[in-house]
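The values are calculated or read from the model by the stated rules, or taken from the named source; none is laboratory data. Predicted model, so just to flag it, every value in this text is computed and none were measured. A quick note on method: Cβ atoms are made from the backbone with ideal geometry, for glycine too, and the neighbour counts reach across all protein chains shown. These area figures cover heavy atoms from the full protein model, side chains too; ligands, DNA and RNA do not enter into them. Shrake-Rupley method; radii C 1.70, N 1.55, O 1.52, S 1.80 Å.
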Amino acid sequence: MDISVVIPLFNEAESLPELERWIDRVMNQNGFSYEILFINDGSTDESWDVIRSLSESNPAVKGVCFRRNYGKSPALNTGFARAKGDVIITMDADLQDSPDEIPELYRMITQDGYDLVSGWKQKRYDPLSKTIPTKLFNATARKVSGIKNLHDFNCGLKAYRNKVVKRIEVYGDMHRYIPYLAKNAGFTRIGEKVVHHQARKYGKSKFGLDRFVNGYLDLATLWFTNRFGVKPMHFFGLLGSLMFMLGFIAIFVVGAMKLYNMHAGNAYSLVTDSPYFFLALATMIIGTQLFLTGFLGELIVRNSPRRNDYEIEEEIRIEKPSSAPAK
């Protein structure tokens, strides 16, 4: 099969028939074998009934219906697990992504050699309250992820080589950072294509401003787990050791100052009368706790069944012929 189109959706019953006809027309015009995977994320409207009806008239239409709303990331992960195409295309169900982009996205994967191609809605039909935070968000994502050539991490229109979606896990709200997840999994051939963005035709957006706050928190999580996920002692152990040494030096200085004043006959007070003593003591305790956190993290990683799960691109093995037994 050439292409799997994975479409997560929530309350998009009005747009689904038009979207299915549009995709079917593009696929037939280009001679692609395809499937459409509608992932119904707990819709409360007639979306699932529409998907059932579409599947009866078009055998390429398949669907999954969640019992409740889980979010876009679980929907995408479910679709990726079921996709059979050589190239997987993801798009939103609100008709803001154009299926006419599919042939070029497919070509960039199959002929240009990209592992992942992300759409860039260079001209957007969104209010400033959405576009300005989006620009700041994407600038931060480029800096943290190191993927400098992407302008729109959160664009729903993307194309993937099949092996990419089978090796990444999209959870929580990590759909915003699929290119970063792919890069961390070793798929570094990531490209971008300017795509047409259409104004929403039916319904209203299902995302609020809280996604920008959650997006930054998720980005911090990804950065930390990528850098220290398999070596937590390198972070907690180093930070804990530095804090412990700083506290130890501070206590030493407080004690040395008292001994000096005693020897010089100057007025002095108990070390416990100095606030610096308690600050230094607290620093040493926190440093010890951080060090132990790193140690416990190492024990957890050591017992993880995936601690030696490495990405292997290809392998050459030459088996030596076994020598014949002596007669």
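Scan segment 59-77 for residues that are open to solvent by less than 30 Å² (accessible area, probe 1.4 Å) and either in a helix (DSSP H, G or I) or over 12 Å from Asp41 (Cβ atoms) (or both) and jot them down.
Ala60, Val61, Ser73, Ala75, Leu76
What are the residues in segment 78-90 that are open to solvent by 10 Å² or more (accessible area, probe 1.4 Å), in contact with a strand residue (DSSP E or B) (Cβ under 9 Å, 6 or more places away or on another chain) and not β-branched (Val, Ile, Thr), if any? Don't jump to the end; show me each part of the working.
The initial filter retains those residues of segment 78-90 that are open to solvent by 10 Å² or more (accessible area, probe 1.4 Å), namely 78, 81-82, 84, 86.
From what's left, in contact with a strand residue (DSSP E or B) (Cβ under 9 Å, 6 or more places away or on another chain): 78, 82, 84, 86.
Arg82, Lys84, Asp86, listed by residue number.
Scan segment 22-35 for residues that are open to solvent by 40 Å² or more (accessible area, probe 1.4 Å) and assigned to a loop (DSSP other than H, G, I, E, B) and report the count.
First pass over segment 22-35, keeping only residues open to solvent by 40 Å² or more (accessible area, probe 1.4 Å): 24-25, 28-31, 33.
From what's left, assigned to a loop (DSSP other than H, G, I, E, B): 31, 33.
Residues meeting the conditions: 2.
Taking Phe38 as the residue in question, decide whether it is aromatic (Phe, Trp, Tyr), under 24 Å from Leu116 (Cα atoms) and open to solvent by 30 Å² or more (accessible area, probe 1.4 Å).
Working: aromatic (Phe, Trp, Tyr): yes; under 24 Å from Leu116 (Cα atoms): yes; open to solvent by 30 Å² or more (accessible area, probe 1.4 Å): no.
It is false that Phe38 is aromatic (Phe, Trp, Tyr), under 24 Å from Leu116 (Cα atoms) and open to solvent by 30 Å² or more (accessible area, probe 1.4 Å).
Restricting attention to segment 228-240, which residues are out of contact with any helix residue (DSSP H, G or I) (no Cβ under 6 Å at 6 or more places or on another chain) and among the small types (Gly, Ala, Ser)?
Gly229 - this is the single residue of segment 228-240 that is out of contact with any helix residue (DSSP H, G or I) (no Cβ under 6 Å at 6 or more places or on another chain) and among the small types (Gly, Ala, Ser).
Give Ser55, Ser47, Ser43 a once-over and let me know the one that is more than 22 Å from the chain's Cα centre (by Cα) and surrounded by fewer than 17 Cβ atoms within 10 Å (Cβ to Cβ). Outline the logic, then answer.
Details: Ser47 fails: surrounded by fewer than 17 Cβ atoms within 10 Å (Cβ to Cβ); Ser43 fails: surrounded by fewer than 17 Cβ atoms within 10 Å (Cβ to Cβ).
Within the list Ser55, Ser47, Ser43, the selection yields Ser55.
Taking Tyr276 as the residue in question, decide whether it is open to solvent by 100 Å² or more (accessible area, probe 1.4 Å), under 20 Å from Gly287 (Cβ atoms) and aromatic (Phe, Trp, Tyr). Spell out how you get there, then give the answer.
Numbers: open to solvent by 100 Å² or more (accessible area, probe 1.4 Å): yes; under 20 Å from Gly287 (Cβ atoms): yes; aromatic (Phe, Trp, Tyr): yes.
Yes; evaluated as a whole, the condition is true for this residue.
I'd like the residue in segment 91-140 that is in a helix (DSSP H, G or I), modelled with pLDDT under 95 and among the hydrophobic types (A, V, I, L, M, F, W, C) and, out of all such residues, is surrounded by the fewest Cβ atoms within 10 Å (Cβ to Cβ).
Leu128
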